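Some notes on the structure that comes next.
Each reported figure results from applying straightforward, stated rules to the coordinates on display, with no laboratory input. Everything numeric in this text was worked out from a predicted model, so none of it was measured. Note that we place each Cβ from the backbone using ideal geometry, even for glycine, and neighbour counts take in every protein chain shown.
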Amino acid sequence: MAAAMWARVSSLLLLLLPFAATPSRAATPARSPPAYTAVFQLQGDVYPTGHFYVTMNIGNPAKPYFLDVDTGSDLTWLQCDAPCQSCNKVPHPLYRPTKNRLIPCADSLCTALHSELSSNNKCPSPQQCDYQIKYSDSASSQGVLINDNFSLPLGKSSIICPGLSFGCGYNQQVGKNGAVQAPTDGMLGLGRGSVSLVSQLKQQGITKNVIGHCLSTNGGGFLFFGDDIVPTSRVTWVPMAQSTSGDYYSPGSGTLYFDRRSLGLKPMEVVFDSGSTYTYFTAQPYQAVVSALKGDLSKSLKQVSDPNLPLCWKGNKAFNSVFDVKKEFKSLFLSFASAKNAVMEIPPENYLIVTKNGNVCLGILDGMVAKLNFNIIGDITMQDQMVIYDNEKTQLGWVRGACSRSSKSTMSSFP
């Protein structure tokens, strides 16, 4: 499963790198209005890959790296040969920083990063900005903040290469050193904080602080920074709410329905997190959904054990895709009171997967098992709809459409 959320950490494990200091970067005044939108193709899927990732070209000369797309965290980081103390096997050669790329402790982004992670973080040296960040699954990355060029594809085949700050991770704790094959080279943090890449692009006047992604049930899709391709109609918009569980993207509290019937639950706070493969509900809504599904299933489906997910069923013959069995299930709905007619439909293909064993499994998981006390809308539920995180207008939007591998062909399905 892809990593879901960053957990707050109470202290940093610090390690000095033998780099020379670099002067603090001067703040770049924002142009008005920002002019560009960058579009990236995505790879990956909910099953069996477990995450969606983008190829980012970083450095000069630029080299490709696979980054896990995560709207639930702010910091972008790469596994990094600085030298590497503990790294996993990754798809590409480790990123190698140069001496003049270090971000000093006094830099405003370092201050912001430490503020987001913990209130008592300190730099062991004024020459560099150290960090340690932990996932909810106890994995972690430790490193230093650096700055390098990112190649951003713009319209008409043009490319812009701004300098952006990100983490050089030289100590990753995921299994034993090098024993775990990591599917990506690092993380693309697209959260709301100032360390987020899109916040930095906004500060430099390159794009507006708007993010969108379109994840395909067939795999792949696309990601964009900026607002040029945001549809002008049919989008359901809700104000961004202040999440009580952290600085996540949240549409606020929604009331959950099964087949348009009330489940008798109180409104539940949800957050959108592309770094979570599956959707997670806390105990009460999870049990209500499971009970509703089981009470509505035909007798042709039998519950079966499957190593991929906790709750699965088999049919009279093996299923090839969700579309073979979706008629046996009903849609869920989340109705948000913060905006008029703001309803997110969750059809069966947005909460079910078919495993390699030919079973159909529930892709909504019990958040209590994962030690979560809030509800997450993950990749499985965001498939085949464009999801828009508009930090300019502090609103979230979604509109259904086929998210194919080509952004050009996909855009024809949106107004």
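Using equal-weight Cα scatterers in the Debye expression, the normalised intensity of the range 236-411 in log10 at q = 0.09, 0.11, 0.12, 0.18 Å⁻¹ is -0.32, -0.47, -0.56, -1.23. Legend: distances between Cα atoms for LYS294/LYS314; LYS326/LYS371; LYS208/LYS393; pairs beyond 18 Å are LYS326/LYS371. Helix 283-296 and the long axis of the chain differ in direction by around 40°, with both axes built from C-alpha atoms.
I need the shape label for the range 312-399. Rule: rounded when a/c is under 1.5, else prolate if a/b > b/c, else oblate, with a, b, c from the alpha carbon gyration tensor.
Cα axes put the range 312-399 in the prolate bin.
Over all other residues within a Cβ to Cβ distance under 11 Å of CYS87, the charged ones net out to -1, with Lys and Arg as +1 and Asp and Glu as -1. Can you give me the angle between helix 108-117 and the longest principal axis of the chain, using Cα atoms only, in degrees from 0 to 90, rounded to the nearest 10? That helix lies at roughly 40 degrees to the long axis. Using θ = phi - 60° in the Karplus curve 6.51 cos²θ - 1.76 cosθ + 1.60, the 3J(HN,Hα) couplings for the range 304-313 round to 9, 7, 9, x, 7, 8, x, 10, 9, 9 Hz; x is entered for Gly and Pro. Rg/Rh, computed from the Cα trace of the chain with Rh as the Kirkwood radius, has the value 0.97. Count Lys and Arg as plus one, Asp and Glu as minus one, and take only other residues whose Cβ is under 12 Å from that of TRP398; the net charge is then -1.
Near CYS361, once Lys and Arg are set to +1 and Asp and Glu to -1 for all other residues with Cβ below 12 Å from its Cβ, the sum equals +1. Centre-to-centre, using Cα atoms only, the range 181-237 and the range 56-72 are separated by 13 Å. Relative contact order for the chain using alpha-carbon pairs under 8 Å, separation at least 6, rounded to a whole percent? Across the chain, relative contact order equals 20 percent. Using the Karplus relation 6.51 cos²θ - 1.76 cosθ + 1.60 with θ = phi - 60°, the per-residue 3J(HN,Hα) values for the range 382-394 come to 8, 5, 6, 8, 7, 10, 10, 10, 9, 6, 6, 9, 6 Hz, with x marking Gly and Pro.
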